[in-house]
Amino acid sequence: MLKTLLSSLCCTNLLKTAVWLLPALLIAELQKEPPLYFMLPVLIAALLLPILIFPRQIRFYIFFLVVFLYLPAWFNGAYYLLFQGWPDTSAYYALFYTNSQEAAEFVSAYLNPLLTIFSGLTLAWIILGLIGIKPDETPYPRTLLQICFLALVIELFTGAFSFFARQSQLPAFRTADKLYELYDDEQYVTRLRQNVKDINFTDIKSIFPATEKQTYVVVIGESQTPDRMSIYGYHPRQTTPLLSRIKNELFLFDNVTSPHAATLPSLREALTFINSNNEKLSQARGSAVDYFNVAGFKTFWISNQYQRGKLDGLISLWGNAAAQSIFINRHHSDKEKMQAPYDGELLPYIEQALQDPAPRKIIFVHLMGCHADYKNRYPEEFGRFKDPKFNVPGRSDHYDNATLYNDFVISQILQKLRQTNDQTAAFLYFSDHGEDTTPDGCFCHSISMGTAEMYKIPFIVWLSDKYKEKRPDFAQSLPEKIHRPFNTRNFLHSLADLTGLQSLDAKPERSVFSDRYNPGLY
């Protein structure tokens, strides 16, 4: 009997298929905590069962395995090579909700020889399976069928268990879990769109008189780390010369972090009164834009960020709730270079918003900032840093040039706001998250890697003279608060404080500007 079994395995497609499956299953097994290599023969035997039952449909089955086994294995392996970690939910967001511009820039930024070799070998192995494994009418011993069926039963049992033990999920369950999270989030956004008018903000009061003319500008950067900004002490290069000229007018908070190392989850917390017990409830109640709408401000949302799809649409949804919203990346792109417009193209729209006659207004600006691919973030005239010796591991020059251009854009916005110095005005700049640009870093951001540099962000405040006159105690106390530990999950609490708004939602103990600030809640 044993001799018959071995003969069947060695002389049929079963051995070919088992060998062909092994690399993909190894990648899948490595993701488990801990890997269960001794279960690989059982899993392979279970996957061979359809071949025993339907030998004529083997080509269709191999194609099925390519789609549902090898493509996820390639994605997981490529992600690990890039970020030294396995994909998390944010990675699936990026995979399913991207566009041609962002995909092209990602490939341009992160394609390397190792990833190219891995992708080429994976493709060759897939083709080898599709070509080399052919329909075979050789009869199989009944015992072999029974063994494979038993293996399937074992896998189904362990698979059901691992569905509840997420740290050791089987690949199919792990992927299903992530896709369900995406589906659940998509349905949530759909419901939020349907109920967008049911904003639950009430009893918002201002410390300023109703006749006080006010203008506030909030600039949200992208992938900017303070470690590469000369105004924060970056010495090798003057990457922020314009901001540095007015450093004495700025309040540089130097102990600020983001809640996540990815844009969408980070801003979903920063732009709402986040409730740690129910994040979605906080988001459903409305965003910063909704809050200022209810408070009687004319709101503006001016963005150069991609609009990817329904999930990214949550940020777009909040932006579109503004009295005036502009997304230049929705209708304007460089078709030849497949890249986003430069952030400087936002300046005319910002100037128009600043000149708007509304007595109270707040302008949200969402930049592309230092989003990879860095070389696409700045015009040619800002490509000033070109030093091969300094350019390690190959993207330092581009990142510093992007930071230099970011300094120009921010300074231009601030300069236009400073011209309104005869009114109560404030400016606040922060980045959605940081970027690991250390010499040995990945020049990237990834929740799975989660280095400290990916969470460290700049946080800069400017106040007009009129503002300082109206709130002298607030302004005089700011220098004492710039070293406070602060996380931007409490950003909206702080923004309400900065703009003089008070309500049950805005907690002083969560505002970095408040005398009642509790560092334990940051």
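The values are calculated or read from the model by the stated rules, or taken from the named source; none is laboratory data. From a predicted model like this one, the values you see are computed outputs, not experimental measurements. Note that we place each Cβ from the backbone using ideal geometry, even for glycine, and neighbour counts take in every protein chain shown. Side chains are part of the model used for accessible areas, which takes the heavy atoms of the whole protein and leaves out ligands, DNA and RNA. Shrake-Rupley method; radii C 1.70, N 1.55, O 1.52, S 1.80 Å.
Taking residues in segment 203-231 that are closer than 19 Å to T437 by Cβ, and partners anywhere that are hydrophobic (A, V, I, L, M, F, W, C) and assigned to a helix (DSSP H, G or I), the pairs with Cβ atoms closer than 6 Å and at least 6 places apart or on different chains are I231/L243. Among the residues of segment 116-163, those identified as farther than 18 Å from L22 by Cβ, touching a Pro at 6+ places or on another chain (Cβ under 9 Å) and either modelled with pLDDT of 75 or more or open to solvent by less than 70 Å² (accessible area, probe 1.4 Å) (or both) are P135, D136, T138, Y140. Step by step: first the residues of segment 479-522, then only those that are surrounded by 17 or more Cβ atoms within 10 Å (Cβ to Cβ) and among the aliphatic types (A, V, I, L, M), then the one that is modelled with the lowest pLDDT. Which residue is that? Filtering first and then ranking leaves A506. When every residue of segment 252-259 is checked against the conditions, at least one turns out to be of a type outside the set (A, V, I, L, M), surrounded by 24 or more Cβ atoms within 10 Å (Cβ to Cβ), within 19 Å of the chain's Cα centre (by Cα) and at pLDDT 90 or above. Do we have L264 as assigned to a helix (DSSP H, G or I), open to solvent by less than 30 Å² (accessible area, probe 1.4 Å), of a type in the set (A, V, I, L, M) and modelled with pLDDT under 95 here? Yes, satisfied. Among all positions in segment 11-31, there is no residue which is of a type in the set (S, T, Y), at pLDDT below 85 and surrounded by fewer than 18 Cβ atoms within 10 Å (Cβ to Cβ). Only residues that are modelled with pLDDT of 90 or more, in a strand (DSSP E or B) and open to solvent by 10 Å² or more (accessible area, probe 1.4 Å) were counted in segment 332-387, giving 1. If you go through segment 81-90 one residue at a time, do you hit one that is modelled with pLDDT under 65, open to solvent by 50 Å² or more (accessible area, probe 1.4 Å) and not in a helix (DSSP H, G or I)? Among the residues of segment 81-90, not one is modelled with pLDDT under 65, open to solvent by 50 Å² or more (accessible area, probe 1.4 Å) and not in a helix (DSSP H, G or I), which makes the answer no.
Those helices (runs of 4 or more DSSP H) of segment 419-521 in which at least 1 residues are among the aliphatic types (A, V, I, L, M) and over 25 Å from the mean Cα position of the chain (by Cα), considering only elements entirely within it, cover 472-477, 491-498. When the criteria are applied in full, P35 fails the requirement of being open to solvent by 30 Å² or more (accessible area, probe 1.4 Å) and in a helix (DSSP H, G or I).
Looking only at segment 227-240, residues that are within 25 Å of S446 (Cα to Cα), open to solvent by less than 10 Å² (accessible area, probe 1.4 Å) and of a type outside the set (S, T, N, Q) come to 1 in all. Of everything in segment 448-478 that is of a type in the set (S, T, Y) and touching a His at 6+ places or on another chain (Cβ under 9 Å), the residue that is surrounded by the most Cβ atoms within 10 Å (Cβ to Cβ) is Y455.
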